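Written below as structure tokens is the structure these notes are about.
The values are calculated or read from the model by the stated rules, or taken from the named source; none is laboratory data. Keep in mind the model is a prediction, meaning the values are calculated, not measured. Glycine also receives a Cβ, built like all others from the backbone with ideal geometry; neighbour counts cover every protein chain displayed. Areas reflect the complete protein model, heavy atoms only, side chains present, ligands, DNA and RNA absent. Shrake-Rupley method; radii C 1.70, N 1.55, O 1.52, S 1.80 Å.
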Amino acid sequence: MKRIFIFGILGSMFLVACGLAFRQNPGSMMPMGRNWWRGNYPTNGSSIYYSATNDSGFRIPYAGGPRFGGGMMMGASLSCASCHGDDGRGGVHPMHMQVMDAPDIRYTTLSIEGDEHGEDEHSDEHGEYGLDAFRQAVVSGQHPNGNPLNRDMPRWHMNDADLADLFEFIKTLP
């Protein structure tokens, strides 16, 4: 009985250690743990992008998201950078033992390449991508034309100020 108890404690310590070791965005050195993000990001928008946490320390909740792992794995949490990368370019990458193909969400791409963001091949470019179109994508999970985004895209529950700050940060991605 004592041996089982000791193995249980050691196993728990191992899982906690693994959770702490993997509390980062894939490909990122931005910390993801509780209160680790405070003061590490220059703007509220960058904090939300890399940690899904605003400057006040409020974790931005979401619904849906990747089918594999529900956005959580070994204590790591989902953020924009988890799928779209540190630079917003997206692409095909492994995530939770699956392969994800996330779109490029840099502002220049959103504003110019309509086909990649929900327009069909016979439509004109949708022009400037504004805050309302961004809200529709991030909060409602819809392309500017009203078609649903891929079901791997979480539907984020954030207030208007945080959404505007995130949109302004997206505009700064090279």
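Values as computed for the structure displayed
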{"quantity": "All positions within the stretch 143-159 that are of a type outside the set (Gly, Ala, Ser) and either free of Cβ contacts under 8 Å to residues at least 12 places away in the same chain or open to solvent by less than 60 Å² (accessible area, probe 1.4 Å) (or both)", "calculated": "His143, Pro144, Pro148, Leu149, Asn150, Asp152, Met153, Pro154, Arg155, Trp156, Met158, Asn159"}
{"quantity": "Residue check for Val139: modelled with pLDDT of 95 or more and open to solvent by 20 Å² or more (accessible area, probe 1.4 Å)", "calculated": "yes"}
{"quantity": "Any hit, the stretch 121-130, residues being at pLDDT 90 or above, within 22 Å of Ser51 (Cα to Cα) and not acidic (Asp, Glu)", "calculated": "no"}
